[in-house]
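The values are calculated or read from the model by the stated rules, or taken from the named source; none is laboratory data. This is a predicted model, so every value here is computed, not measured. Cβ: placed from backbone, ideal geometry, glycine included. Neighbour counts: every protein chain shown.
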Amino acid sequence: MTLSPQDATAALRDIDAAQARSATLRGYRRAAPQFLIWGVIWAAGYGLSDGFPHHANAIWAVLVPIGVAAGLFAGRGTEPSFAWRYGAITLAMLAFFAATFFVMAPVTGRQVSAFIPLFVALLYVLAGIFRGPRYVVAGLVVAAATLTGFVFIAGHFLLWMAVVGGGALILAGFWMRKV
Amino acid sequence: MSADEIIHQPVRLRIMATLSALPDGERIEFTRLKAILNATDGNLGAHLTTLENAGYVAIEKDFVAKKPRTRVAMTRAGRAAFARHVTYLRDIIDGAGGGQMEEKPS
């Protein structure tokens with residue numbers, strides 16, 4: 001049996017496609033626990049903040065470290081650099097939000113509660129441009145849910161974010177786990 | 001250099017390409033590999049057996065919560081053979097390859 005250049009080209013094209021699909025789906029699989037964890041954290045944080053608005057800062061001060069710890073635990077063993085990268089991303093995001101709110105002040109709690117999910121949605125969209133369309137869809141859904149609630153839900157925007165924003169992340173997590 | 005007939009079969013080529021995208025030593029569950037490749041149980045199982053007999057993949061069976069689980073990983077020999085095959089294909093396109101397929105028992 002002899003292989004022609006056309007056969008070789010077709011085989012290499014199949015290889016490239018299979019490798020790209022394999023890498024993308026592996027990335028989804030590894031990201032799934034993070035979506036699930038942060039979906040639950042969002043649901044709990046926004047839900048509790050809606051019920052106890054004067055304790056919102058304390059609620060998030062407890063929940064964010066729990067989410068980071070859970071995220072680190074879920075990603076253990078995936079790659080040697082995971083822990084420090086995860087920690088660095090967390091610190092970078094906290095520093096960004098602190099600097100942004102310092103520069104843009106004064107801001108209302110409602111604005112803060114909308115801005116953070118919009119920024120997270122942007123990160124998902126940017127990640128998706130390189131790593132697969134499911135991240136883009138997740139980012140767009142979170143952004144749309146946030147803007148919809150911000151514009152149309154006057155009384156219980158935080159509860160909206162708990163159910164729709166947190167729910168969107170949890171659903172995205174289950175979607176990421178699918179093949 | 002010659003082509004690897006075991007690898008070049010279309011389904012096995014996709015299996016090897018899929019496994020080659022995983023880090024060295026990482027295993028993938030049979031059910032997940034089947035879904036990724038859109039293959040049937042029997043078809044995938046037969047091709048994996050061929051690859052296992054050639055020493056290109058390692059198949060591990062165990063039980064998780066009393067349910068059987070089969071996991072597949074590319075061996076070092078498989079990774080090397082796949083790299084050789086890809087090089088061979090590229091050589092054909094570059095005009096350096098002979099284009100002959102190497103016969104191997106399957």
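Taken over the range A:47-92, the criterion of being closer than 19 Å to residue A:32 by Cβ and in contact (Cβ under 8 Å) with a residue 24 or more places away in the chain is satisfied by A:66, A:67, A:70, A:71, A:74, A:75, A:78. Given the condition under 26 Å from residue A:7 (Cα atoms), touching a Pro at 6+ places or on another chain (Cβ under 9 Å), modelled with pLDDT of 95 or more and not in a helix (DSSP H, G or I), answer yes or no: does some residue in the range B:33-54 qualify? Looking for residues that are under 26 Å from residue A:7 (Cα atoms), touching a Pro at 6+ places or on another chain (Cβ under 9 Å), modelled with pLDDT of 95 or more and not in a helix (DSSP H, G or I), one finds at least one in the range B:33-54, hence yes.
For the range B:74-83, the set of residues classified as loosely packed, with under 15 Cβ neighbours inside 10 Å and basic (Lys, Arg) consists of B:76 only. Condition first: among the β-branched types (Val, Ile, Thr) and in a helix (DSSP H, G or I). Can you find one or more residues in the range A:78-93 that meet it? Yes - at least one qualifying residue is present in the range A:78-93. Those helices (runs of 4 or more DSSP H) of the range A:123-179 in which at least 1 residues are over 24 Å from residue A:63 (Cβ atoms) and at pLDDT 95 or above, considering only elements entirely within it, cover A:133-152. One residue stands out among those in the range B:5-23 that are out of contact with any strand residue (DSSP E or B) (no Cβ under 8 Å at 6 or more places or on another chain) and not β-branched (Val, Ile, Thr): the one that is modelled with the lowest pLDDT, which is B:23.
Scanning the range A:1-50 for residues that are within 14 Å of chain B (Cβ to nearest Cβ) and either crowded, with 20+ Cβ neighbours inside 10 Å or part of a helix (DSSP H, G or I) (or both) yields a count of 28.
Scanning the range A:84-96 for residues that are under 21 Å from residue A:29 (Cβ atoms) and surrounded by fewer than 15 Cβ atoms within 10 Å (Cβ to Cβ), which turns out nearest to the other protein chains (Cβ to nearest Cβ)?
A:85
Filter the range A:51-71 for residues that are surrounded by fewer than 15 Cβ atoms within 10 Å (Cβ to Cβ) and either closer than 30 Å to residue A:29 by Cβ or small (Gly, Ala, Ser) (or both) and give the result.
A:51, A:58, A:61, A:62, A:65, A:66, A:69
The set of residues in the range B:18-32 that are surrounded by 15 or more Cβ atoms within 10 Å (Cβ to Cβ) and in a helix (DSSP H, G or I) comprises B:18, B:19, B:20, B:30, B:32.
Inside the range A:135-177, can you point out the residues that are in contact with a Lys or Arg (Cβ under 9 Å, 6 or more places away or on another chain) and closer than 21 Å to residue A:28 by Cβ?
Looking only at the range A:135-177, we keep the residues that are in contact with a Lys or Arg (Cβ under 9 Å, 6 or more places away or on another chain), and these are A:150, A:157-158, A:172, A:175-177.
Passing the criteria: A:172, A:175, A:176, A:177.
With respect to (1) within 13 Å of another protein chain (Cβ to nearest Cβ); (2) surrounded by 12 or more Cβ atoms within 10 Å (Cβ to Cβ), the lone exception for residue B:70 is condition (1).
Mind checking whether some residue in the range B:28-45 is in contact with a helix residue (DSSP H, G or I) (Cβ under 7 Å, 6 or more places away or on another chain), of a type in the set (A, V, I, L, M) and more than 10 Å from every other protein chain (Cβ to nearest Cβ)? Looking for residues that are in contact with a helix residue (DSSP H, G or I) (Cβ under 7 Å, 6 or more places away or on another chain), of a type in the set (A, V, I, L, M) and more than 10 Å from every other protein chain (Cβ to nearest Cβ), one finds at least one in the range B:28-45, hence yes. For first residues located in the range A:165-179 and at negative phi, partners that are exposed (fewer than 15 other Cβ atoms within 10 Å of the Cβ) and lie 6+ apart or on another chain with Cβ distances below 8 Å form the pairs A:179/B:35. Looking only at the range A:98-112, decide whether some residue is part of a loop (DSSP other than H, G, I, E, B), among the β-branched types (Val, Ile, Thr) and without any contact (Cβ under 8 Å) to a residue 12 or more places away in the chain. Scanning the range A:98-112, I find at least one residue that is part of a loop (DSSP other than H, G, I, E, B), among the β-branched types (Val, Ile, Thr) and without any contact (Cβ under 8 Å) to a residue 12 or more places away in the chain, so the answer is yes.
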